[in-house]
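The values are calculated or read from the model by the stated rules, or taken from the named source; none is laboratory data. None of these values were measured; they are calculated from a predicted model. Positions of Cβ are generated from backbone atoms using ideal geometry, with glycine treated the same way; all protein chains shown enter the neighbour counts. To get the accessible areas, we keep the full protein, side chains included, count just its heavy atoms, and leave off ligands, DNA and RNA. Shrake-Rupley method; radii C 1.70, N 1.55, O 1.52, S 1.80 Å.
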Amino acid sequence: MFERIQEEIEVVFERDPAAKTKFEVVLNYPGLHAIWIHRLTHKLYLQKHYVLARFISQVGRFFTQVEIHPGATIGRRLFI
């Protein structure tokens, strides 16, 4: 799990020249937060906890302004 988080942070550095520090990326990139929320909600969705997955997804959308449906399959190294 932590290797995947580390990889997603590294993708930000590869694709955004404005990224300076890991701390900045973790705090200030709502696209990254949306991906992390999606990973959680997708697991819940696959376990047939549809309402909980959609609810958490909507709460995440409120904070990040990025909505990814819990049923969507996204690959690795996505950058929003």
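Overview of results
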{"read-out": "Within-13-Å neighbourhood charge of Glu67 [Cβ basis; K, R +1; D, E -1]", "value": "+2"}
{"read-out": "Carbon and sulfur %, accessible surface of the chain computed with the full protein complex present, 1.4 Å", "value": "64"}
{"read-out": "Candidates Ala19, Ala53, Ala34, ranked by Gaussian network fluctuation over the chain, Cα under 10 Å, top entry", "value": "Ala19"}
{"read-out": "Rh by Kirkwood over Cα pairs, then Stokes-Einstein D for region 17-80 at 1.002 mPa s and 20 °C, µm²/s", "value": "176"}
{"read-out": "Probe 1.4 Å, protein heavy atoms only - accessible area per residue of the chain in square angstrom", "value": "68"}
{"read-out": "Residue-averaged [θ]222 nm for the chain, counting only DSSP H segments that reach four residues, each worth -39500 (n - 2.57)", "value": "-21000 deg cm²/dmol"}
{"read-out": "Cut-off 11 Å between beta-carbons: net charge of the residues surrounding Val12, Lys and Arg +1, Asp and Glu -1", "value": "-2"}
{"read-out": "Spatial separation of Cα centroids for region 47-66 and region 1-45, in angstrom", "value": "17"}
{"read-out": "At most 13 other Cβ within 10 Å, DSSP loop - chymotrypsin sites (Phe, Trp or Tyr not before Pro), the chain", "value": "Phe79"}
{"read-out": "Among Ile9, Leu46, Leu27 the positive-end extreme of the charge dipole of the chain (Cβ point charges)", "value": "Leu46"}
{"read-out": "Unit charges on C-beta of K, R, D, E only; dipole of the chain, Debye", "value": "320"}
{"read-out": "Full-extension gain in nm, Gln58 to Leu78, via 0.36 nm per residue minus C-alpha separation", "value": "5.2 nm"}
{"read-out": "Environment charge at Ile37 (Cβ cut-off 13 Å; Lys +1, Arg +1, Asp -1, Glu -1)", "value": "+2"}
{"read-out": "GNM top mover of His42, His33, His69 - the chain, alpha-carbon springs below 10 Å", "value": "His69"}
